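Take a look at the structure set out below.
The values are calculated or read from the model by the stated rules, or taken from the named source; none is laboratory data. Source: prediction; values computed, not measured. No Cβ is skipped: glycine too gets one built from the backbone with ideal geometry, and neighbour counts run over all protein chains shown.
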Amino acid sequence: MRAMSRDEVRGAIANREPVGSRVRLPSWFDEIAWDKLDYLGWRDPRAPMRAYLVADVDGVATGLLLRQNPNQAELGGRSVMCSLCHFMRRFNEVALFAAPRPSADKRQRLSTLGILVCTDLDCATKVHSTPLLGPYDPPLDEIIQSRREGLRARTVAFLRSVSSAQRSVRGRG
Ligand SMILES: [Zn+2]
């Protein structure tokens, strides 16, 4: 993804809570390797059960606050697939997050969308990992490119699905 400024990333969070509160950026913001990322994800430094996810959607920095579900047991099983990078990981490496839908309408604010994402929001590490390649597999750079396209498309679709409620409310007004 393209590099973004601190203000751009902060301003991208559509569903911040409380409304208008300041988004805390990660301490490693200056070291971000933007070209390796398809979304920027981090934990709130002072509220670790909160996470933020920001991506470029049609040239616009778009992002969400996510709240991790504390009940990991709900995931069950041994391995779980991340909905964004589509990698299977150990159950504790994937967490269930809830994204409150951004809306001025109080009733709409109660609505959330759940998603399973890599616990450390580190899908980028997975999509850049080297698989065991067989003789008929495509070259590594093609595999990584295809993984990244999938990750990007699913991230944009997720961001759009959460913010669609906001658009429809605005559309009616
Ligand atoms: Zn992932």
Residue that is farthest from the ligand (Cβ to nearest atom) [pool: residues in segment 123-134 that are among the hydrophobic types (A, V, I, L, M, F, W, C) and over 17 Å from Leu37 (Cα atoms)]: Leu133
Residues that are within 14 Å of the ligand (Cβ to nearest atom) and closer than 21 Å to His128 by Cα, drawn from segment 43-87: Leu53, Ala55, Ser79, Val80, Met81, Cys82, Ser83, Leu84, Cys85, His86, Phe87
Checking Ser103 against (1) at pLDDT below 90; (2) under 29 Å from Ile32 (Cβ atoms); (3) buried (at least 19 other Cβ atoms within 10 Å of the Cβ), the condition it does not meet: (2)
Selection within segment 15-59 - more than 11 Å from the chain's Cα centre (by Cα), without any contact (Cβ under 8 Å) to a residue 40 or more places away in the chain and under 28 Å from Asp141 (Cα atoms): Trp28, Phe29, Asp30, Glu31, Ile32, Ala33, Trp34, Asp35, Asp58, Gly59
Residue in segment 58-65 that is more than 23 Å from Asn92 (Cβ to Cβ), out of contact with any Lys or Arg (no Cβ under 9 Å at 6 or more places or on another chain) and of a type in the set (Ser, Thr, Tyr) present: no
Neighbours by Cβ (under 9 Å, 6+ apart or cross-chain): first from segment 148-163, closer than 13 Å to His86 by Cα; second of a type in the set (Lys, Arg): Leu151/Lys126
Yes/no for Ala55 being within 17 Å of Val127 (Cα to Cα) and surrounded by 20 or more Cβ atoms within 10 Å (Cβ to Cβ): yes
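Tell me the residue from Asp137, Asp120, Asp141 that is outside any strand (DSSP E or B), within 15 Å of the ligand (Cβ to nearest atom) and acidic (Asp, Glu), please. Full working, then the answer.
Values: Asp137 fails: within 15 Å of the ligand (Cβ to nearest atom); Asp141 fails: within 15 Å of the ligand (Cβ to nearest atom).
Sole residue among the options that is outside any strand (DSSP E or B), within 15 Å of the ligand (Cβ to nearest atom) and acidic (Asp, Glu): Asp120.
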Identity of the residue in segment 88-100, within 11 Å of the ligand (Cβ to nearest atom) and either in a strand (DSSP E or B) or of a type in the set (Ser, Thr, Tyr) (or both), that ends up surrounded by the fewest Cβ atoms within 10 Å (Cβ to Cβ): Met88
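If you check Val23, Val54, Val9, which single one turns out to be part of a helix (DSSP H, G or I), of a type in the set (A, V, I, L, M, F, W, C) and at negative phi? Break it down stepwise before answering.
On the way: Val23 fails: part of a helix (DSSP H, G or I); Val54 fails: part of a helix (DSSP H, G or I).
Val9 is the lone residue from the list that is part of a helix (DSSP H, G or I), of a type in the set (A, V, I, L, M, F, W, C) and at negative phi.
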Test: residue in segment 72-82 that is modelled with pLDDT under 95, on the phi < 0 side of the Ramachandran plot and under 13 Å from the mean Cα position of the chain (by Cα): no
Test: residue in segment 4-27 that is surrounded by 10 or more Cβ atoms within 10 Å (Cβ to Cβ) and in contact with an Asp or Glu (Cβ under 7 Å, 6 or more places away or on another chain): yes
